[in-house]
Structure formats: structure tokens, C-alpha cells
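Only the coordinates and a few stated rules stand behind these numbers; no lab work does. Bear in mind that the values here come from a model prediction, so they are computed numbers and not experimental data. Cβ placement follows ideal geometry from the backbone for every residue including glycine, while neighbour counts extend to all protein chains displayed.
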Amino acid sequence: MSASPSPLLQVENLTKYYPYQPGVLRSSRVWIKALDGVSFTIQPGEVLGLVGESGCGKTTLARSLVRLVEPTSGRILFQGENILERPVSLMKGVYRDMQMVFQDPYSSLHPKQMVIDLVGEGLRIHRLARKRELRDRVLEVLELVGLHQDHLYRFPHEFSGGQRQRIAIARALILRPKFLILDEPTSALDVSVQAQILNLLKRLRRELGLTYLFISHDLSVIEHMSDRVGVMYLGHLVELGKREALFRRPLHPYAQILLQAIPVPDPDRIPPRISLTGEVPSPIDPPAGCPFHPRCPLTVDRCREEIPRWQEIEAEHWVACHLATEGGKTG
Ligand code: SF4
């Protein structure tokens, strides 16, 4: 039996706490727990989808991976190296292989730079090409994302939202990275354009052998794009599994509730039994025990006191819920 390859990315117990002063009269400082002990791996060539409501920590996680946000603790092993031990000034070497595409193509591109400069910036920074060669390499990557020569000397305001996101993807690809972090790459786009960008990302993955961390609040998009799926809630990863297993038989009550919101005619899917109540608690003062217990319809006394263990319930299917048992039952 062949051993599984080393993960391209391994995230271990990652936390990000922000200090917060509740008021001028209160001297004690509290912590906003944006990420609280998140662990997962991504294998070369894999797409890991990450889903959860707004404010669950998805974007903090994405930004932590590229050190736009400095984690409080934990390890990020990329190609075997803990990149948190690198001085931020030396992250440039990591960015050759790891790039990020942001949600909003309107604000992620400098409005006064032409496409050739926006896309070619990485080549300049890394001193990999100049002049004619730089132009040729920019054109090559523009054609890869469905743009062409006429676009080289235009400014971002001359493009539609979908074209701008293509430029942002070209900019991320210019150094031929192995790994892309895609943070809600289609949620700022018109519905009609979203499918085009998703299909482009699928094709690029196939043709270039890319690995993705694909972040979205939209489960249909996550299902379309991912090999495995992680579900986040209030800074915690609460479930992680292969796409088919997670969509057919979600184990965590929160994942079950999220899934029932997508109308898909699949007779094999377990019908919803429970519904979501209340608001997402504040990360300033997260609940004790299971972070989901104030909204969970299956809460028992233990849930209010004890943090559920992260356990592998079936092969490659992990969940943090006291009531999840082997065989995939919750409750
Ligand atoms: Fe619900 Fe308890 Fe499971 Fe948390 S541990 S998801 S509160 S049943």
C-alpha cells in the first residue's frame, strides 16, 4: 500500500485573539477569539472548501496563512516548513508558491495601475523578468484566464467585475504558485458571472495542478468546488470530511442546519430534523463548553460545560460534538 503524500499545508492548533477593552472604566482586558484552535491539512492537488456564517473566522484564517494577520499561537507548515518562524520580511519566498485571491476585485486592484503592471508586479518584485519578457509572461497568464493583448495597457475601471476578478487571478498566478487561497472569490460578482469564474478556477486547477483553500459562505459553491469540506463556527472547525460524506450525512448539528438550507433533489440525503435558533454569540464573550450550545436544538447539560473533543468518527470524517457517535449519528 502506498503511503499518502506529505501535506502541502498543515495547520496546527491555530489561534488568533484580539485584545479588547470593554470600557474606559473597566481596567481588565478581554480577548476576541477570532480563531480558536483550528487544525487541518491540505494534500497536493486537493481543494479544501471552508464554509460558515459571516464572522466565523474564515477570512481571519485565510489572512493568517499569508501573514496579513499574525496568529497568536499554533503552527502553519507549508511544504514542511513552519512559516510562522520566518520573519515577515522573508515571507516573499513563500509567496512564490502561495498566493491569495480576495473577495472584492474592485478594491484588490490598484486603480491607477495598468493591467501589465498589476499582473507583472510579482515578476518585478522577484526580479524574474523585465521589459519584453515581462510583457510576454503577463500576456501568457492573461490568455490563461481568458483575457488578451488588448487588455494589457488598460486600467481596472475599464473592466467588468468578472474581468477584474480574472485580472486578480492572473496576478496570483504570474509566479506559477502551487497553492491558492481563494477567499469568497465570486461573492462580489453577479450571479451570471459567478459560474464562469468558478469554471475558470476548476480548469486552472486541472491544467496547472493547483491546490486550493476555497472559502465561501455558499454551500452550493463549496459543493461544486471542493474535494473535502470544513465547517467553521465561532472560530472553531466543527466538522471536516470528504464532500460526499459531509453533504450526504453531516454529523454536526450546525452542519446539518446549514445543509438543509440548500434545496437539492437528492433522495439519498438525510432530511433535516432540526432548525437554527438565536443569533451567533459574540466572540468577545464566547459561551463555555460547546460554542454552538446556545443555538443547538440538541443541547444537553454536558454541552454547557465541556468543550467537545475533535474526533474521527469514521474514516477521514472529523467532528466536534458530544453526541456524534460512530456510524454517523448525532443525537
Ligand atoms: Fe449541540 Fe452539544 Fe453537539 Fe454542541 S456538543 S453541537 S451543543 S449536541
_In Å, descending, principal axis extents of the Cα set of the chain_ = 68, 57, 45
*asked:* Going by amide H atoms built from the backbone, whose H comes under 5 Å of the H on Thr186, apart from near neighbours?
replied: none
*asked:* I need the phi-derived Karplus couplings for the stretch 247-252: 6.51 cos²θ - 1.76 cosθ + 1.60, θ = phi - 60°, integer Hz, Gly and Pro marked x.
replied: 7, 7, 9, x, 9, 7
*Residue-wise, which Karplus ³J(HN,Hα) couplings in Hz belong to the stretch 205-214, taking 6.51 cos²θ - 1.76 cosθ + 1.60, θ = phi - 60°, and x for glycine or proline?*
4, 5, 6, 9, x, 7, 10, 10, 9, 10
_Under the rule of at least 5 residues apart or a separate chain, name every residue whose amide H is placed under 5 Å from the amide H of Val101._
Ile181, Leu182, Asp183
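Charges at C-beta only: +1 for Lys and Arg, -1 for Asp and Glu. How large is the resulting dipole of the chain about its Cα centre, in Debye rounded to 20?
My answer is approximately 940 debye.
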_For the chain, set up a GNM with springs between Cα atoms under 10 Å and report which of Thr15, Thr277, Thr41 has the largest fluctuation._
Thr277
*Quick one: which residues, 5 or more positions from Met232 or on another chain, have an amide H under 5 Å from its amide H? H modelled 1.01 Å from N in the peptide plane, none for Pro or chain starts.*
Val51, Gly52, Val238
*Ordered by residue, what ³J(HN,Hα) values in Hz, to whole numbers, does the stretch 34-49 give under the Karplus form 6.51 cos²θ - 1.76 cosθ + 1.60, where θ = phi - 60° and Gly and Pro are x?*
6, 9, 9, x, 8, 9, 6, 10, 10, 7, x, x, 8, 10, 9, x
*In whole angstrom, note down how far apart the Cα centers of the stretch 211-232 and the stretch 131-197 are.*
21 Å
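Only four residue types carry charge here, +1 at the Cβ of Lys and Arg and -1 at the Cβ of Asp and Glu. Report the dipole size of the stretch 117-255 about the Cα centre in Debye, rounded to the nearest 20.
Values: 22 positive and 17 negative charges, 114 e Å.
Result for the stretch 117-255 is approximately 540 debye, rounded to the nearest 20.
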_How are the alpha carbon pair distances in the stretch 54-109 distributed across 5 Å bins from zero to the largest one, expressed in percent?_
4, 16, 27, 25, 16, 9, 3
*asked:* Please state the shape class of the stretch 33-82: rounded when a/c is under 1.5, otherwise prolate if a/b exceeds b/c and oblate if not, all from the C-alpha gyration tensor.
replied: oblate
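Arrange the following residues from fewest to most other Cβ atoms within 10 Å of their Cβ: Ile167, Ile83.
Ile83, Ile167
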*Once the dipole of the chain is set up with Lys and Arg at +1 and Asp and Glu at -1 on Cβ about the Cα centre, which of Thr41, Leu246, Leu173 lies farthest towards its positive end?*
Leu173
*Using a cut-off of 13 Å between beta-carbons, work out the net charge of the residues near Lys242 (Lys and Arg +1, Asp and Glu -1, Lys242 not included).*
-4
